[in-house]
Amino acid sequence: MTVRHVAVLGSGQMGSGIAQVFAQSGYEVTLYDLQKEALNQSKKQIERLLLRSIEKERITSAEKEATMKRLQFTRELSDLKHVNLVVEAVVEDEAVKVELFKQLDDMTSEDTILASNTSSIPITKLAAATQRPEKVVGMHFMNPVPVMKLVEVIRGLQTDDRTYKKVFQLTKELNKTAVLSMDFPGFIANRILMPMINEAIFTVYEGVASVEDVDTVMKLGMNHPMGPLTLADFIGLDTCLSIMEVMYEGFGDSKYRPCPLLKQYVQAGWYGKKSGRGFYIYT
Ligand code: NAD
């Protein structure tokens with residue numbers, strides 16, 4: 001099966017970037033979201049990033065126009081009936097994703113590959129919600145998607161060879177590097193990254209150091225391009241919390257317990273950059 005038409009579900013920060021890279025690589029893309037405002041924002045964001053690429057002489061204005069033409073924006077799930085690949089990137093909520101996978105399974109052709117960009121929800125569980133578990137796979141892009149080269153390809157317990165090999169090949173066509181991960185909590189990237197971010201939050205919570213100093217230590221002392229608390233704000237503190245909770249539950253190991261301060265910030269609606277406030281304030 002040749003993939004020509006891709007559906008991206010969720011037009012938040014990740015979905016928007018995923019739609020952009022597929023469209024720039026020549027695929028027809030339909031971007032779906034429940035919220036009109038999210039779709040409008042996404043269209044504006046993609047146009048803005050493409051304009052910046054023209055300024056930097058990375059693409060021509062004809063390429064920008066061609067990319068925008070390949071993108072459709074919709075609030076109707078039924079517009080996704082004829083796609084060959086779905087990349088789901090809605091909110092990190094298991095019940096929401098399971099429901100969407102059931103609907104997609106009923107609606108799309110039996111050949112269609114159903115991929116999820118989830119950071120932490122088991123692909124095996126999403127696959128079990130469908131009648132085609134062997135065609136369900138994880139395609140975990142990094143943020144910001146147009147810039148970051150890595151995609152973790154997650155092989156659920158039921159994913160067949162054909163499906164994950166196809167997704168590996170597609171990832172190459174997007175000019176990205178795929179790495180294979182088995183389906184265990186946090187996969188590879190978040191299993192290593194999130195405990196570090198959580199420990200940085202504990203360091204602030206216990207009064208050991210300020211937010212700025214924790215970030216400075218990791219930037220200047222460890223040569224990280226961004227401090228862990230800046231990175232947490234960028235990822236979204238709600239997303240960080242849900243990943244820690246999935247790892248805590250999945251491994252049953254107290255080393256993954258989320259810091260109470262992280263929980264409290266999320267309760268306050270301080271989600272980081274996207275909400276205007278997290279460990280830092282964004283204007
Ligand atoms: P986001 O909050 O920016 O966007 C989520 C979008 O999903 C919103 O536009 C919302 O309107 C939409 N949505 C919610 N329920 C929906 C539904 N039922 N149908 C259609 N649209 C719906 O979130 P994000 O940061 O883009 O994360 C999306 C996914 O990508 C999550 O699974 C997250 O774990 C994963 N992810 C995030 C990052 C990151 O750095 N933020 C990195 C890798 C993977």
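The values are calculated or read from the model by the stated rules, or taken from the named source; none is laboratory data. Computed from a predicted structure; not experimentally measured. Note: ideal-geometry Cβ built from the backbone for every residue, glycine included; neighbour counts use all protein chains shown. Accessible surface is based on the protein model in full, side chains and every heavy atom, while ligands, DNA and RNA are left aside. Shrake-Rupley method; radii C 1.70, N 1.55, O 1.52, S 1.80 Å.
For the reader, a short list of remarks on this structure follows.
- Amide H partners (placed H, <5 Å) of G12, local residues excluded: none
- Pairs beyond 19 Å (Cα-Cα), from K81/K165; K36/K274; K43/K274; K102/K125: K81/K165
- Hydrodynamic radius of segment 1-94 by the Kirkwood approach over all distinct alpha-carbon pairs: 13.3 Å.
- Computed about its Cα centre, the charge dipole of the chain is approximately 680 debye, with only Lys, Arg, Asp and Glu carrying charge at their Cβ.
- Relative contact order (%) - the chain, alpha-carbon pairs under 8 angstrom, separation at least six: 13
- Nearby aspartates and glutamates by direct alpha-carbon distance to K69 (threshold 14 angstrom, same-chain neighbours under 8 apart not counted): E28, E47
- Applying the Kirkwood pairwise sum to the alpha-carbon positions of segment 194-274 produces a hydrodynamic radius of 12.7 angstrom.
- Kirkwood Rh in Å, taken over the chain so that all alpha-carbon pairs contribute: 19.5
- Average accessible surface for the chain: 50 Å² per residue, computed with a 1.4 Å probe over protein heavy atoms with every protein chain in place.
- Of the GluC sites (Glu not before Pro) found in segment 84-146, those in coil by DSSP whose Cβ has at most 15 other Cβ atoms within 10 Å are E110.
- Hits among aspartates and glutamates - C-alpha to C-alpha of K176 under 15 Å, sequence gap 8 or more where chains match: E152
- Rounded percent of accessible protein surface that carbon and sulfur make up, segment 53-107, 1.4 Å probe: 44
- Ignoring aspartates and glutamates fewer than eight residues from K135 along the same chain, the ones with Cα atoms less than 12 angstrom from its Cα are D105, E110, D111, D160, D161.
- Close amide-amide hydrogen proximity is noted between S116 and E88, V137, G138, M139, each under 5 Å apart and 5 or more residues distant or on a separate chain (H modeled in the peptide plane; Pro and chain starts excluded).
- Counting heavy atoms of the protein chains alone, H224 has an accessible area of about 60 Å² for a 1.4 Å probe.
- For G236, residues with placed amide H under 5 Å, excluding near neighbours: K273
- When the chain is treated as a GNM with alpha-carbon contacts under 10 Å, the residue of T60, T108, T230 showing the greatest mean-square fluctuation is T60.
- One Cα centroid belongs to segment 79-101, the other to segment 152-222; the line between them spans 22 Å.
- Pairwise centroid distance, computed over Cα atoms, of segment 258-274 with segment 13-33, Å: 29
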